[in-house]
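**Q** This is the structure I want to talk about, given as C-alpha cells.
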Amino acid sequence: MGVPFIVLVYFAYGLAFFSMGLLVALEGGRASDIRLRKALRPLAGFGIIHAIHEWIEMFGLMGHIQNDTFYSAASLAILAFSFISLAAFGSFLLAYTEVSRRLILLIPITLEAVWVFGLYNFRDQYTGDMLWAIADTWTRYTLAIPAALLTSIGLVAQQRAFRRSGLIRFGRDALWAAVAFGWYGLFGQAFTKNTPIFPSSIINQEVFLDIFGFPIQLFRAVTAVAAAIFVIRFLRAFQVETEAKLAELQQFQLKESQQREIMRGELFRRVVAAQESERQRIARDLHDETGQSLTAIGMGLRGLSGKISTRNKEGLNTLHKLESLTADSLKELQRLISDLRPSHLDDLGLSAALRWYAGRISEHTAISVRVDIHGEERDLDDALKITIFRIIQESLNNIIKHAEANNVNIHVAYDEINVRINIWDNGVGFDLDEAKQKRTARPSLGLAGMEERAALLNGTVSIQSRPGYGTEVEAVIPYHNKTLESDGAIAPLSNTREQAPALQKKRGEQ
C-alpha cells in the first residue's frame, strides 16, 4: 500500500521548515548585527516548532496518533506558539535600537492576547470538532497572517541593510524570502477550514481545491520550501562577512607589519648613521688629540736623546725604548683609525682597499687571505663602497674569532646590475639550524648588521655552512638604489680621507 500524497506533502512541509530552523539555530549566532542575531533566534524556534506541528498532523492522518482532546489541544498550542515566534522574528527585524527592541515585543504579545480572547469567547459557543476547527481558523487569522506579513516587512528591511553593507546578492535572497513568506501568509493561511467564522465560510480549503485542483497544504509546502531556501541562502552572508572581516584583519596586520618593518629599517638607518658618525668623530679625535700628542712625545724623546751624554747608556737605552714604544703606539693608532674609517676606499678604490686590508689580516694573523676581482670595477658611491667593505670586514672578523681557518678567498664580481661578494673559508664551519636558534634567543649583532646594511641598499646576505666544511658568505647588492648617503646615514668618506694619511705623513717626518 502506497503512502498517501497528502502525507508526503506534510512531510516535505515540515522538513523544509525544520531544516531552516536547524541551520538558523547553528549559524545565526555568527551575525555581527545584534538586531539580526536576536531576530534569528525566534525564527529558529518557528522553523523547528512549526515542523513538529506539521509532522504531528502527518502522523494523525496516518493513524499513528489518537485524535482526542489532548492531541487537538497540543497541536493547536504548538501551532500558535510557532506563529508567535514568527511574529517576534519579524518584529525584531524592524527594531534598530535597544528601546525599540523592548517595545516591539508588544506586537506578538498583543497578537497573543487577541488570540486568547477569541478562544475564550468561542469556548462558550461551540463544542467538539467544530470548536477545534474554529480554533485552528482563528489561529491562522489572528497569528499566522499578521506574523507572515511582519516577517515579509522585516525581511525587506533586512534586504536594505544587506545592500547598505555591500552584500547585494544576499539582499536579493532576503527579498525573495520576504516574497515567499508574504505568499505563505496572505494566500496560504487565508484558505482555512470551513467554519462559521467569516470569511472562512466563503474562502476555505474546499474552495481552493475546487479552483486549483490541489490541496492548500501543497501550496503552503511549496512556499515553505521557497522561504527556507532563500533564508538559508542569505545565511551565507555571515560566512562572507566573517571572511571579509578576516581579510580586513589580515590586511590590517600586514599593514602594521609593513609599518613596523619601515620603522625598524628607519631605526637601523639611524643606528648606522650614528655608528658611522661616531666612528668618524673618534677617528678625528684620535688623529687630532692622541696622534698629535704621541707625535710630539716621539719628537721630544728624539730631541732629548741628543742632549744626554753617551756615557749615560742606561738613560739612552730607556729613551730608545720609549721612542720605540711611541712609534709602535702610533702604528697601532694608525691601524685603529683605518679600521674606524678606511680612507683607502676614497684614495685607492674598493679593490685596492680590500687588497690592503687582506694583506694586513695576513700580516697580523696566520690566515692567508686572497682577493679576486672579476669584471670592470664600477665607480661606486660612498654608501655602497662602505657597505661592501663593512660586510667583508665583519666576515673576516668572524673568521678570525671562530673559524680556525688558514685560507680565505674573497671574490668580488661586478655584474650588469649587481655587485656580488663571496667570502669562503676552510675553517671548522657550524650548524646553520643551531646557529639560527641561538640567534633567535640571542641575536648576533655582527650577522644582523651585515644583513641590515645590505637590506638598506636593497641587497641580500646569505650564509652557507656545515660542520667540517667551512663557511661561505654571499652578498648581492644592486648598483642603483636609494643609498644611505642621500639620507645622511653615511657621511662621505672624503670627510676623513686626510686623517690617516696626515698621521702617516707626520709619522714619516719623525
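**Q** When you check Ala221 against the structure, is it in a helix (DSSP H, G or I) and surrounded by 14 or more Cβ atoms within 10 Å (Cβ to Cβ), yes or no?
**A** For Ala221, the condition - in a helix (DSSP H, G or I) and surrounded by 14 or more Cβ atoms within 10 Å (Cβ to Cβ) - is met.
**Q** Among the candidates Ser338, Ser293, Ser329, Ser351, single out the residue that is part of a helix (DSSP H, G or I), within 17 Å of Leu396 (Cβ to Cβ), of a type in the set (S, T, N, Q) and at pLDDT 75 or above.
**A** Within the list Ser338, Ser293, Ser329, Ser351, the selection yields Ser351.
**Q** Could you please let me know if Ile78 is assigned to a helix (DSSP H, G or I), touching a residue at least 40 places away in the same chain (Cβ under 8 Å) and in contact with a helix residue (DSSP H, G or I) (Cβ under 6 Å, 6 or more places away or on another chain)?
**A** Spelling it out, it is not the case that Ile78 is assigned to a helix (DSSP H, G or I), touching a residue at least 40 places away in the same chain (Cβ under 8 Å) and in contact with a helix residue (DSSP H, G or I) (Cβ under 6 Å, 6 or more places away or on another chain).
**Q** Return the pairs, sorted by first residue and then second, in which the second residue is part of a helix (DSSP H, G or I) and of a type in the set (Gly, Ala, Ser), the first residue lies in the range 116-142 and is within 19 Å of Phe191 (Cα to Cα) and open to solvent by 60 Å² or more (accessible area, probe 1.4 Å), the beta carbons are less than 9 Å apart, and the residues are 6+ apart or on different chains.
**A** Asp129/Ser72; Trp132/Ser72; Trp132/Ala73; Trp132/Ser75
**Q** Do we find a residue being within 45 Å of the chain's Cα centre (by Cα) and of a type in the set (S, T, N, Q) anywhere in the range 69-80? Show your work before the answer.
**A** Filtering the range 69-80 down to residues within 45 Å of the chain's Cα centre (by Cα) leaves none.
No: the range 69-80 contains no residue that is within 45 Å of the chain's Cα centre (by Cα) and of a type in the set (S, T, N, Q).
Quick grid of which residues meet (1) assigned to a loop (DSSP other than H, G, I, E, B); (2) of a type in the set (S, T, N, Q); (3) in contact (Cβ under 8 Å) with a residue 24 or more places away in the chain:
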| site | (1), (2), (3) |
| --- | --- |
| Ala147 | no, no, yes |
| Leu150 | no, no, yes |
| Gly154 | no, no, yes |
| Gln158 | no, yes, yes |
| Phe162 | no, no, yes |
| Phe170 | no, no, yes |
| Ser201 | yes, yes, no |
| Phe214 | yes, no, no |
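**Q** Also, quick follow-up: Mind checking which residues of the range 374-392 are in contact with a helix residue (DSSP H, G or I) (Cβ under 8 Å, 6 or more places away or on another chain) and without any contact (Cβ under 8 Å) to a residue 40 or more places away in the chain?
**A** Once the filter is applied, which keeps residues that are in contact with a helix residue (DSSP H, G or I) (Cβ under 8 Å, 6 or more places away or on another chain) and without any contact (Cβ under 8 Å) to a residue 40 or more places away in the chain, the range 374-392 yields Glu377, Ile392.
**Q** Given the conditions (1) more than 19 Å from Gly45 (Cα to Cα); (2) within 40 Å of the chain's Cα centre (by Cα); (3) touching a residue at least 24 places away in the same chain (Cβ under 8 Å), report the number of the one that Val99 does not fulfil.
**A** (3)
**Q** If I go through the range 27-42 residue by residue, how many of them are at pLDDT 90 or above and either of a type in the set (Val, Ile, Thr) or open to solvent by 50 Å² or more (accessible area, probe 1.4 Å) (or both)?
**A** Qualifying residue count, the range 27-42: 1.
**Q** Filter the range 7-19 for residues that are surrounded by 16 or more Cβ atoms within 10 Å (Cβ to Cβ) and touching a Leu at 6+ places or on another chain (Cβ under 8 Å); which is farthest from Arg102 (Cα to Cα)?
**A** Looking at the filtered set, the residue picked out is Val9.
**Q** Going through the range 172-193 one residue at a time, which ones are in contact (Cβ under 8 Å) with a residue 60 or more places away in the chain and either assigned to a loop (DSSP other than H, G, I, E, B) or aliphatic (A, V, I, L, M) (or both)?
**A** Matches in the range 172-193: Ala174, Lys193.
**Q** Right, something else. Is there a residue being within 23 Å of Asp347 (Cβ to Cβ) and open to solvent by less than 30 Å² (accessible area, probe 1.4 Å) anywhere in the range 423-441?
**A** Checking the range 423-441: not a single residue is within 23 Å of Asp347 (Cβ to Cβ) and open to solvent by less than 30 Å² (accessible area, probe 1.4 Å).
**Q** Given the structure, is Arg279 under 30 Å from Gly449 (Cβ atoms) and modelled with pLDDT of 75 or more?
**A** Spelling it out, it is not the case that Arg279 is under 30 Å from Gly449 (Cβ atoms) and modelled with pLDDT of 75 or more.
Listed here are the residues, each with its yes/no results for (1) open to solvent by less than 10 Å² (accessible area, probe 1.4 Å); (2) within 24 Å of Gly449 (Cβ to Cβ); (3) hydrophobic (A, V, I, L, M, F, W, C).
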residue: Trp356; (1), (2), (3): no, yes, yes
residue: Ser368; (1), (2), (3): no, no, no
residue: Gly375; (1), (2), (3): no, no, no
residue: Lys385; (1), (2), (3): no, yes, no
residue: Leu396; (1), (2), (3): yes, yes, yes
residue: Ile399; (1), (2), (3): no, yes, yes
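The values are calculated or read from the model by the stated rules, or taken from the named source; none is laboratory data. Quantities reported herein were computed from a predicted structural model and do not represent experimental measurements. Note that we place each Cβ from the backbone using ideal geometry, even for glycine, and neighbour counts take in every protein chain shown. These area figures cover heavy atoms from the full protein model, side chains too; ligands, DNA and RNA do not enter into them. Shrake-Rupley method; radii C 1.70, N 1.55, O 1.52, S 1.80 Å.
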